[in-house]
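Colleague: Submitted below is the structure of interest, expressed as structure tokens.
Just so it is clear, none of the values below were taken in a lab; they were calculated from the coordinates. Bear in mind the structure is a predicted one, so any value in this text is a computation, not a measurement. Because the Cβ atoms are built from the backbone with ideal geometry, glycine has one as well, and the counts that use them run over all protein chains shown.
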Amino acid sequence: MTSTVHRTCPLCEAVCGLTLTLGEDGHVTSVRGDKDDPFSKGFICPKGASLGRLDEDPDRLRTPLVGGREASWEEAFDAVRAGLGRVADRRSVAVYLGNPNAHTMAGALYVAPLVKSLGTRNVFSAATADQMPKHVACGLMFGHPMAVPVPDLDRTDHLLMLGANPLESNGSLCTAPDFPGRLKALRRRGGRLVVVDPRRTRTAALADEHVFIRPGTDAYLLFGMVHTLFAEDLVTPSHDVNGLAELREAAKHFPPEAVARRTGVAAEVVVRLARELAAARTAAVYARIGTCTAEFGTLAQWLVDVLNVLTGNLDRPGGAMFPEPATEFLARRRPYAIGRWRSRVRDLPEVNGELPVATLADEIETPGDGQVRALITIAGNPVLSAPHGDRLDRAFAGLDFMVSVDPYLNETTRHADVILPPPRVLQSGHYDFALLGFAVRNYARYSPPALPLDGRPSEGGILARLAQIASGLDGDLDAYVIDDLLGKATRTPGSGVEGRDPAELRDLLDGTTGAERRLDLMLRLGPYGEWSGKGDLSLRKLLDHPHGLDLGPLEPRLDEVLRTPSGVIELAPEPLVEDVQRLRAKLAEEPPEMVLIGRRHLRSNNSWMHNVPPLVGGSNTCTLQINPADAARLGLTGEAVVRSAKGQVTVALEPTETIMPGVVSLPHGWGHSDSAQRVAARHAGVSANTLTDETMIDVPSGNAVFNGVPVTISPTGVISAH
Ligand SMILES: Nc1nc2c(c(=O)[nH]1)N[C@H]1C(S)=C(S)[C@@H](COP(=O)(O)OP(=O)(O)OC[C@H]3O[C@@H](n4cnc5c(=O)[nH]c(N)nc54)[C@H](O)[C@@H]3O)O[C@H]1N2
Ligand SMILES: Nc1nc2c(c(=O)[nH]1)N[C@H]1C(S)=C(S)[C@@H](COP(=O)(O)OP(=O)(O)OC[C@H]3O[C@@H](n4cnc5c(=O)[nH]c(N)nc54)[C@H](O)[C@@H]3O)O[C@H]1N2
Ligand code: SF4
Ligand SMILES: [Mo]
């Protein structure tokens with residue numbers, strides 16, 4: 001007997017619905033796009049199609065490893081208790097949270113309580129190697145770091161996209177299954193797509209116009225556009241704003257001619273891009289990783305939304321809009337602030353409750369009070385993904401204790417004293433708490449576990465157990481969280497359950513696990529929920545709709561999300577205006593001769609999917625893209641040696657006209673030569689983060705800089721002069 005299950009794909013931000021066929025033994029016999037999913041409508045990519053292969057990878061860990069040997073769960077948790085017990089000072093325990101935490105229920109529901117039980121401020125995550133600049137910019141402009149507007153892809157008339165390549169990545173901070181199809185539809189309905197990227201990507205090839213830009217200079221281009229809007233009297237903000245005059249003053253320093261020299265984008269193009277944006281019936285500016293992991297990442301993210309506001313496109317259909325996710329419960333918040341504490345060694349500010357991953361190695365290696373001696377990694381591979389990962393590799397080797405929650409033995413987890421593997425995807429429930437907050441349509445879908453756990457703990461169960469060990473308390477964490485939230489909700493005016501009895505509400509919750517009951521509670525209290533007075537959403541309703549529920553197009557809702565003390569949009573927040581000095585200081589700077597940027601491939605996913613045969617090989621290889629003119633000028637053929645301030649790699653060249661002169665591109669997440677993963681080891685490649693530099697950061701957010709790293713490139717066999 002075969003069975004059919006419908007599930008959300010957990011592998012990227014596009015949240016596609018999948019339909020899987022399982023054999024009697026639970027083996028996945030086919031994976032197709034779920035054509036009845038109202039959001040993804042049958043779309044699937046090669047990664048989703050390989051979900052069965054990935055989930056059944058023979059190299060995945062099935063039992064915990066303690067000291068490299070297979071162990072029982074109780075032995076493993078005992079080893080964690082003993083290991084953490086050896087580190088007396090709570091400040092000496094650090095946590096690193098990797099990207100898949102944004103894709104698992106465990107990440108959404110159990111990481112925060114675990115961090116709280118640990119009582120440490122040494123919290124690091126992939127966010128500071130990724131989108132932290134966006135959170136900081138939005139926190140300062142709109143008062144809440146999660147108030148991130150997304151382009152209204154399906155209705156906009158004009159999309160200006162910078163540093164994103166959704167034809168490979170399937171989109172980020174913009175959840176849109178079949179992003180490629182949505183871009184094609186935009187053009188079919190007469191809309192215009194402009195892509196700004198140092199490479200002519202597949203997304204750029206689909207666009208009406210592609211603009212080459214020198215890496216790391218997007219903030220200059222965007223300021224040149226803001227300058228033009230003011231100079232040509234094209235500013236038409238649709239909302240009350242603070243700081244218009246300061247913004248105009250700041251923009252005066254970035255006339256199109258000056259910006260052109262720095263960015264490589266001709267002055268008339270800068271001016272035209274601004275005019276087109278202002279003239280479009282509706283328009284949205286959208287920028288992603290190429291502009292975030294850059295020297296002026298936060299300024300660039302700020303200016304993106306400044307342009308959306310100045311052209312009247314924020315919070316209106318066809319513009320940049322705020323999604324309304326089904327589990328949103330907007331509690332009152334203190335005013336947004338960064339730098340509530342600072343890192344011990346480099347004195348870098350805390351942001352959103354964490355410290356920059358670019359300083360994790362400093363905190364481990366530098367002796368003194370509060371030196372990090374123990375580390376918990378959850379769903380992360382910072383040895384390959386963090387800036388100057390080779391240094392972390394050495395630092396991890398010197399820790400007193402390390403535990404990793406991860407399905408693989410890899411470049412990072414090989415340093416762990418204990419590895420705790422989560423169950424398979426098909427054994428786990430799935431709800432996209434994080435990603436649905438960035439979706440271009442309001443939508444919800446829950447996938448219950450398709451296979452039993454067979455005696456192993458769920459990932460949430462693993463994290464809850466770690467929290468118990470850290471806190472010394474052995475109560476039911478889910479019950480505690482439910483009571484806490486119900487207490488708050490019943491005390492909150494207008495919550496829909498104000499004044500009701502928490503115990504009575506608790507008894508009404510559905511769900512076979514604590515995680516499901518917590519989801520049910522959030523759905524019921526949320527904006528479409530049956531306890532909100534505005535709808536009838538609940539876990540039961542989602543279970544009755546296994547293909548997902550469309551909750552409608554995005555609606556204007558700035559008034560609900562705005563949390564600034566002034567009550568209006570802040571166009572010129574002080575920390576950003578201050579950082580403009582740094583931007584001005586480098587306006588006339590000569591660019592380095594060669595700089596490194598990254599890229600993504602459709603069949604890759606950061607560092608962890610190189611062990612699935614259908615996903616590696618062919619065009620998905622770790623090569624250095626270089627313009628043929630540069631290759632010829634430097635006398636390069638075959639392989640080359642790339643050197644940076646931090647390290648060097650020898651890598652195969654891929655000469656291509658699609659990359660601008662002066663720029664080379666290496667994908668990240670490779671470098672598996674010592675890997676225990678057998679397929680990955682045969683497709684080892686080199687790590688881009690051997691070359692990146694942990695001292696290069698975006699100042700306001702502390703975010704790592706991966707794009708625009710100065711490098712030199714020489715033929716192999718030539719001894720370098722220094
Ligand atoms: N040079 C350069 N570096 C970069 C980037 C770049 O563009 N250039 N991009 C950056 C970005 S955007 C990101 S998000 C980071 C990613 O940085 P990380 O999150 O540190 O790295 P990943 O490679 O995504 O590692 C994911 C880990 O989670 C494990 N895993 C997979 N599924 C699960 C699960 O369900 N549960 C658990 N517990 N573990 C799981 C995998 O085995 C793997 O070890 O890398 C950053 N690094
Ligand atoms: N297939 C696949 N999908 C993924 C991932 C993956 O590894 N593989 N990773 C996931 C993750 S963690 C994330 S965060 C998202 C990222 O999603 P995207 O932001 O779409 O990521 P990329 O595809 O790397 O596209 C970034 C683009 O920025 C360009 N770029 C580099 N430097 C600059 C610059 O200075 N200025 C400008 N304007 N452009 C620049 C690069 O050439 C590249 O084309 O993708 C997610 N989806
Ligand atoms: S686009 Fe993303 S969510 Fe959709 S099938 Fe591919 S990996 Fe899965
Ligand atoms: Mo990311």
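Colleague: Which of rounded, prolate or oblate describes region 433-481 when judged by the alpha-carbon gyration tensor and an a/c cut-off of 1.5?
Modeller: The shape class here is oblate.
Colleague: Sequence gap at least 6, Cα distance under 8 Å: using those rules, report the relative contact order of the chain to the nearest whole percent.
Modeller: Once divided by the residue count of the chain, the mean separation gives 19 percent.
Colleague: Once you have the Cα-Cα distance between residue 72 and residue 281, take 0.36 nm times their residue separation minus that, and quote the gain in nm to one decimal.
Modeller: Once the chain is fully extended between residue 72 and residue 281, it gains 69.0 nm.
Colleague: For the peptides 455-467, 496-508, what is the packing order when you average, over each peptide's residues, the other Cβ atoms within 10 Å and list the highest mean first?
Modeller: Listed from highest to lowest mean packing, they are 455-467, 496-508.
Colleague: Now, a different point. When the convex hull of the Cα atoms of the chain is projected onto a plane and the area is averaged over all directions, what value comes out in nm²?
Modeller: 29.7 nm²
Colleague: Rg/Rh for region 79-129 to two decimals, with Rh computed the Kirkwood way over all alpha-carbon pairs.
Modeller: Reported Rg/Rh (Cα atoms, Kirkwood Rh): 1.00.
Colleague: Something else now. Going through the cross-link list 41/534; 116/488; 35/134; 134/586; 116/646, which pairs have a Cα-Cα distance over 29 Å in this structure?
Modeller: Listed pairs above 29 Å: 35/134; 116/646.
Colleague: From the Cα gyration tensor of region 592-715, with a ≥ b ≥ c the square roots of its eigenvalues, which class applies: rounded if a/c is under 1.5, or else prolate if a/b is larger than b/c, or else oblate?
Modeller: Cα axes put region 592-715 in the oblate bin.
Colleague: On to the next question. Return the distance in nm (one decimal) between the two label points of a simple spin-label model at residue 112 and residue 581, each offset 7 Å from Cα along Cα→Cβ.
Modeller: The modelled label-to-label distance comes out at 3.6 nm.
Colleague: Residues with beta-carbon under 15 Å from that of residue 539, excluding residue 539: net charge, scoring Lys, Arg +1 and Asp, Glu -1?
Modeller: Neighbourhood net charge equals -2.
Colleague: Here's something else I'd like to know. Once amide H atoms are placed 1.01 Å from N in the peptide plane, what residues at a sequence separation of 5 or more from residue 348, or on another chain, have their amide H within under 5 Å of its amide H?
Modeller: 343
Colleague: Each residue of region 638-649 in turn: what ³J(HN,Hα) in whole Hz from Karplus with 6.51, -1.76, 1.60 and θ = phi - 60°, glycine and Pro shown as x?
Modeller: Each residue of region 638-649 in turn: x, 10, 9, 9, 10, 10, 10, 4, 10, x, 9, 9 Hz.
Colleague: If a/c stays under 1.5 just call it rounded; otherwise compare a/b with b/c (prolate if a/b is bigger, oblate if not). Do that for region 100-259, with a ≥ b ≥ c from the square roots of the Cα gyration tensor eigenvalues.
Modeller: oblate
Colleague: Okay, next question. So what is the 222 nm mean residue ellipticity for the chain from helices alone, if each DSSP H run of at least 4 adds -39500 (n - 2.57) and you divide by all residues, rounding to the nearest 500 deg cm²/dmol?
Modeller: Rounded to the nearest 500, the figure is -8500 deg cm²/dmol.
Colleague: Give the distance, in whole Å, between the Cα centre of region 135-209 and the Cα centre of region 56-129.
Modeller: Region 135-209 and region 56-129 have Cα centres spaced 34 Å from each other.
Colleague: From Cα pairs below 8 angstrom and at least 6 apart in sequence, can you work out the relative contact order of region 592-715, rounded to a whole percent?
Modeller: 37 percent.
Colleague: Also, quick follow-up: For region 467-507, calculate the relative contact order in percent as a whole number, restricting contacts to Cα pairs under 8 Å that are 6 or more residues apart.
Modeller: The normalised contact order for region 467-507 reaches 29 percent.
Colleague: Mind putting a number on the dipole of the chain about its Cα centre? Charges go on the C-beta only, +1 for Lys and Arg and -1 for Asp and Glu, and I need it in Debye to the nearest 20.
Modeller: 840 debye
Colleague: Taking H placed 1.01 Å from N in the peptide plane, check which residues at least 5 places from residue 192 or on another chain put their amide H under 5 Å from its amide H.
Modeller: Residues meeting the amide H criterion: 158, 159.
Colleague: What's the center-to-center distance, using Cα atoms, between region 347-413 and region 581-602 in Å?
Modeller: The two parts, judged by their Cα centres, are 27 Å apart.
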